[in-house]
Every structure is written in structure tokens, then in C-alpha cells.
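Student: I have a structure I would like to understand better, so I am pasting it below and will then ask my questions one at a time.
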Amino acid sequence: MLPRWVCALGLVTALAAPARGAGGVTVVYHGNCVVAGGIRAQDGTPAKAWDMWQEIYLTGAPTWLAPHTHRGAECITTVYGVTSWWFAHGDRAPNAPPTIVPVAAGQTVYTQQGRPHTAGDVGPTLQAYLGIHLLEQGSDFNYPAPDPSAPPQVKTNSYSVFKNEMPNQVPSHGTLTIANQVLRFVPHATFAIPASPALGYYTVIAGGATMLEKGAHIAMPAGATITVPRNTAVTITATMATSLAATELIPGAHP
């Protein structure tokens, strides 16, 4: 059950409100991150497999997580409020000063593999973001990167609306694009996803849906991530007013 303060925020009910898009499906937010060269192992060679994480992370203010890095890429799209993103070096140069980037609802920010950073909420409202971590298989979720210029660590009402790991994913070669969307469905609306070279990850945020894949109906309860293999067509049908987080890992650069 969601905490009362999450429900009071209105994030879930807002995303599940009746849609007015064509066919009853509306793209509420979208954003792409291009991962140049793909995910790399520590020796610089292409990662042999990926660990994929999809999450909606929500916090109150003040919040600052501890500074860290990832052995992989991070792509976030803010879905409520303003997320503050701290980078140890503003322009990625070793001697550049730190910077804080505000990421408003509907905006996307990309964190390159190995870049020291952290996220926070400086207020005045709560914030929530759809966060994708595409990591070298077997690596930790993050690695501490202490920095005296980082904001002091503090948490206020932090909560993962959902957080799911899809380990040991077969990678594509070279540059890829992480494409995020939040979709809103009216009851019984359908969304057809054609077969493509992309890997797909779909999570009901609120509501309920079913996925039709190769003649089989797959239940999509809230909070469970369903993976769609490459070159596989599916159709998602909402059983009620529903919001959905959708991520595709698309070979090549698609800004």
C-alpha cells in the first residue's frame, strides 16, 4: 500500500486520470539519452551483459543522496516537481567547478558512465523521477564517490513507487538510446508496439493492464516490470484508467 503522503501528492492519481490522446492513449512525458559507444566493462571493452533497472523514485525536501558513480549509464525523466541533479564537474572537465542542474517535470538528464553525481530535492514541493540504470552485469548498483563540494546528505520521505531489476540482459553492440515514456490510458484503450530491434520494459504505475504477446495474455499488475524481447510485437490493453512507464533500449543514436 502506498504511504498516505504519496497518495496526497497526487502523483499516482494524476498520471492515471482520463486521457484525451488519440485512441485513448496519451504520452504524458518522454525523453531520450544517447549512450555513445554503449556500456563498457572496467577494461574498456564492451560489457558482455547488462543489468537493467527501472524505478520511479519520489522524495520530499530537503533531500540529497550521497555522491556516487555507476558502472553504466543513468537516464532520468522527472515526472513530478523538480529534481535537482548535482555533478562534481559541470562540463565534465577534471578541473571544472561543480554544478546543480534543475530538471523540471517532463525534462530528461543523462549521466555518463563513471561521472560523479547525485540527486536531490531542494523544494518547495516533492519530486519524482523515472530512473533507468543500465549497468555492466554483476556490478553494484552504485559506487561511493565522496566529494567535499557535494551537498550534505539528507533524506525526507524518500520512497520507490516501484524499483525492479532485470539482470543479465543480452546487449546490443555499440551506441544505443535509452528512450523513456510515461503513458496514460483510458479504460480499455490499446497500445500496439511493433516488432523492432529494441528491448522493451513496461511497468504499470497505477491501474491495471494486460499484454498480448504471441497469442498469450500476460497480466500487468501495478509495480511489476514486463520485459519484451527484441523483434517481438505486443499489444497493451488497459483494464481501467492506467498510467504506464515505458523504456526502450534502441540500438543506435536517436536524440
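Student: Among (1) in a loop (DSSP other than H, G, I, E, B); (2) surrounded by 15 or more Cβ atoms within 10 Å (Cβ to Cβ); (3) in contact with a His (Cβ under 9 Å, 6 or more places away or on another chain), there is one condition residue 55 misses while meeting the rest; what is its number?
Tutor: (1)
Student: Go through (1) within 18 Å of residue 249 (Cβ to Cβ); (2) of a type in the set (Lys, Arg); (3) out of contact with any strand residue (DSSP E or B) (no Cβ under 9 Å at 6 or more places or on another chain) one by one and return the number of the condition residue 92 breaks.
Tutor: Tallying (1) within 18 Å of residue 249 (Cβ to Cβ); (2) of a type in the set (Lys, Arg); (3) out of contact with any strand residue (DSSP E or B) (no Cβ under 9 Å at 6 or more places or on another chain), residue 92 fails exactly one: (1).
Student: Please find, within region 183-202, the residue that is surrounded by the most Cβ atoms within 10 Å (Cβ to Cβ) out of those that are under 12 Å from residue 248 (Cα atoms) and either among the charged types (D, E, K, R) or within 13 Å of the chain's Cα centre (by Cα) (or both).
Tutor: Result: 202.
Student: Can I ask one more? Among the residues of region 227-249, which ones are buried (at least 20 other Cβ atoms within 10 Å of the Cβ) and either within 17 Å of residue 180 (Cα to Cα) or among the polar types (S, T, N, Q) (or both)?
Tutor: 228, 236, 242, 243, 244, 245, 246, 247, 248, 249 - these are the residues of region 227-249 that are buried (at least 20 other Cβ atoms within 10 Å of the Cβ) and either within 17 Å of residue 180 (Cα to Cα) or among the polar types (S, T, N, Q) (or both).
Student: Which condition does residue 141 not pass, out of (1) in a strand (DSSP E or B); (2) within 17 Å of residue 40 (Cα to Cα), if it passes all the others?
Tutor: Tallying (1) in a strand (DSSP E or B); (2) within 17 Å of residue 40 (Cα to Cα), residue 141 fails exactly one: (1).
Student: Check off (1) buried (at least 21 other Cβ atoms within 10 Å of the Cβ); (2) farther than 16 Å from residue 23 by Cβ for residue 218 and give me the number that stays unchecked.
Tutor: Only one criterion in (1) buried (at least 21 other Cβ atoms within 10 Å of the Cβ); (2) farther than 16 Å from residue 23 by Cβ is unmet by residue 218, namely (1).
Student: Looking only at region 16-34, which residues are touching a Ser or Thr at 6+ places or on another chain (Cβ under 9 Å) and either at pLDDT below 60 or surrounded by fewer than 17 Cβ atoms within 10 Å (Cβ to Cβ) (or both)? So that I can check it myself, show each step before the final result.
Tutor: Residues of region 16-34 touching a Ser or Thr at 6+ places or on another chain (Cβ under 9 Å): 16-17, 19-20, 23-25, 28-34.
16, 17, 19, 20, 23, 30 - these are the residues of region 16-34 that are touching a Ser or Thr at 6+ places or on another chain (Cβ under 9 Å) and either at pLDDT below 60 or surrounded by fewer than 17 Cβ atoms within 10 Å (Cβ to Cβ) (or both).
Student: Against the condition over 18 Å from residue 146 (Cβ atoms) and of a type in the set (S, T, N, Q), how does residue 118 come out, does it pass?
Tutor: Working: over 18 Å from residue 146 (Cβ atoms): no; of a type in the set (S, T, N, Q): yes.
No; evaluated as a whole, the condition is false for this residue.
Student: Related question: With the requirement that a residue be closer than 26 Å to residue 172 by Cβ and polar (S, T, N, Q), what does region 44-80 give you?
Tutor: 45, 54, 69, 77
Student: While we're looking at this one, here's another question. So which pairs qualify, if the first residue must be in region 36-47 and surrounded by fewer than 17 Cβ atoms within 10 Å (Cβ to Cβ), the second must be of a type in the set (Val, Ile, Thr), the Cβ gap must be under 9 Å, and the two must be at least 6 apart or on different chains?
Tutor: 36/175; 37/175; 46/39
Student: Which one of the conditions (1) crowded, with 22+ Cβ neighbours inside 10 Å; (2) within 18 Å of the chain's Cα centre (by Cα) does residue 64 fail to meet, given that it meets all the rest?
Tutor: Of the numbered conditions (1) crowded, with 22+ Cβ neighbours inside 10 Å; (2) within 18 Å of the chain's Cα centre (by Cα), the odd one out for residue 64 is (2).
Student: Between a first residue in region 84-107 that is part of a loop (DSSP other than H, G, I, E, B) and surrounded by 13 or more Cβ atoms within 10 Å (Cβ to Cβ) and a second residue that is at pLDDT 90 or above and acidic (Asp, Glu), which pairs have beta carbons less than 9 Å apart while being 6 or more apart in sequence or on different chains?
Tutor: 88/147; 98/147
The values are calculated or read from the model by the stated rules, or taken from the named source; none is laboratory data. Keep in mind it's a predicted model, so treat the numbers as computed, not measured. Neighbour counts run over all protein chains shown; Cβ positions are idealised from the backbone, glycine included.
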